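First the structure, in the form of structure tokens, and then the observations on it.
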Amino acid sequence: MTENQHSDNHAVSPKPESAVKHLISFLIMIILTAAAFYVVIKSGSVVAEHLILPLILVFAVIQVFLQLFTFMHLGQKGSTYYAIFIMLGIVIAVISAVGIILM
């Protein structure tokens with residue numbers, strides 16, 4: 001059997017995730033959480049009070065995407081359907097939240 005035939009019979013395994021990538025993402029999420037906590041504790045002196053909620057929401061959105069692509073592996077091949085369902089869930093949650101706020 002030639003080398004080409006041998007390699008064609010085996011599926012290409014995905015590149016293993018590195019622990020460093022997970023640790024860096026986790027560290028970024030901890031920093032974002034601490035930053036949000038700090039902004040709330042020092043409300044008014046670090047950031048204008050009307051910007052606190054939008055800033056915390058930006059921190060939260062960044063954390064959601066870090067978790068989805070680092071720990072839920074949505075960036076890998078074959079996760080298209082999972083990504084569609086998660087994004088659909090996010091859309092439904094946003095519509096529900098806006099509906100509740102406007103009631």
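The values are calculated or read from the model by the stated rules, or taken from the named source; none is laboratory data. Keep in mind it's a predicted model, so treat the numbers as computed, not measured. Using ideal geometry, Cβ is built from the backbone for each residue, glycine included, and neighbour counts are taken over all protein chains shown. Protein only, heavy atoms only, side chains kept; ligands, DNA and RNA dropped before computing areas. Shrake-Rupley method; radii C 1.70, N 1.55, O 1.52, S 1.80 Å.
Remarks
- Matching option when the condition is open to solvent by 60 Å² or more (accessible area, probe 1.4 Å), at pLDDT below 90 and of a type in the set (Val, Ile, Thr), among Thr2, Thr33: Thr2
- Test for Leu55: is it at pLDDT 90 or above and loosely packed, with under 13 Cβ neighbours inside 10 Å: no
- Remark: pairs (first residue in segment 69-90, touching a residue at least 40 places away in the same chain (Cβ under 8 Å); second residue of a type outside the set (Gly, Ala, Ser) and open to solvent by less than 60 Å² (accessible area, probe 1.4 Å); Cβ separation under 8 Å; 6+ apart in sequence or on different chains) = Thr70/His22; Phe71/His22.
- Condition check for Ala83: open to solvent by 60 Å² or more (accessible area, probe 1.4 Å) and modelled with pLDDT under 90: no
- Of the residues examined, Ile62 is not one that is farther than 25 Å from Ala93 by Cα, at pLDDT 90 or above and in a helix (DSSP H, G or I).
- Among the residues of segment 6-21, those that are open to solvent by less than 100 Å² (accessible area, probe 1.4 Å) and either at pLDDT 90 or above or over 14 Å from the mean Cα position of the chain (by Cα) (or both) comprise His6, Ser7, Ala11, Ser13, Glu17, Ser18, Ala19, Val20.
- When residues of segment 58-80 are limited to those that are more than 14 Å from the chain's Cα centre (by Cα) and open to solvent by 80 Å² or more (accessible area, probe 1.4 Å), the one nearest to His22 (Cα to Cα): Lys77
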